[in-house]
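Below is one structure, written out as structure tokens; comments come after it.
The values are calculated or read from the model by the stated rules, or taken from the named source; none is laboratory data. This one's a predicted model, so the numbers in the text were calculated from it and none came from an experiment. Cβ sites come from the backbone with ideal geometry, for glycine too, and all protein chains shown count toward neighbours.
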Amino acid sequence: MKKLAILAVSVLTAVGVYAQGTVTFQNFGSGGLDSPVYDVDGTTPLEGADFLVQLYAGPQGTAVDQLTPVASPYEFLTGSGAGYFGIGQNPDIAIDVVSGGETATVQVRAWEAAAGATYDDAYAPGNKVGESNIFDISTGNPDAEPPTTPGMLAGLESFNLYVVPEPSTILLGLLGAAGLLLRRRK
């Protein structure tokens, strides 16, 4: 009986340690959060199933290129909700790489759905993609006593999509910059 009690305590402790941190994945809400996402023109809000958005996260201090996708991509709202996501869509999601109550480093990424089912698929020359600022968020812990509420995306700022440049455009830009530097030295 003593061994069974020790095992039960060990299992419950392990489950508590590995509880996932939760966040509310929406860009409008309490605390003054109002961060719509716009198309490349900077004025047209993204709308409907034509555009997807997803949260990328990692433990606090994770480099941007090491952040991993969390949950499934969301579609943008339509009509007066254009530019927004998560509202009325079960926005509370778990970040499986962060324990409940800990701080996560996050970034929101959006893209044109026709370009691919994932951000990585869409990130190709000629496609529209966009990334938010990188910020830290305190996660909630649903397994705590009492449970803590999911963290809000309070550090999120509005952002625009951009068109991924063709490699030749990048090369021409680099050659032009090199030419200016060489000319300046003479």
Revision key, fill the gap. Across the range 41-81, the tally of residues that are of a type in the set (Gly, Ala, Ser), surrounded by 11 or more Cβ atoms within 10 Å (Cβ to Cβ), out of contact with any helix residue (DSSP H, G or I) (no Cβ under 7 Å at 6 or more places or on another chain) and under 21 Å from residue 150 (Cα atoms) stands at 2
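Results for (1) within 24 Å of residue 32 (Cβ to Cβ); (2) not in a strand (DSSP E or B), shown as yes or no for each residue.
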| residue | (1), (2) |
| --- | --- |
| 58 | no, no |
| 83 | yes, yes |
| 89 | yes, yes |
| 95 | yes, no |
| 98 | no, no |
| 148 | yes, yes |
| 156 | yes, yes |
Practice item. Quickly run through the range 113-130 and pick out the residues that are within 29 Å of residue 150 (Cα to Cα), crowded, with 19+ Cβ neighbours inside 10 Å and not aliphatic (A, V, I, L, M). Key: 119, 130
Review point. In the range 133-143, is there at least one residue being modelled with pLDDT of 95 or more, of a type in the set (D, E, K, R) and closer than 19 Å to residue 85 by Cβ?
Key: no
**Study point:** In the range 82-93, the residues that are at pLDDT 95 or above and surrounded by fewer than 19 Cβ atoms within 10 Å (Cβ to Cβ)
**Key:** 82
Practice item. Report yes if some residue within the range 107-118 is in a loop (DSSP other than H, G, I, E, B), over 26 Å from residue 60 (Cβ atoms) and over 14 Å from the mean Cα position of the chain (by Cα); otherwise report no. Key: yes
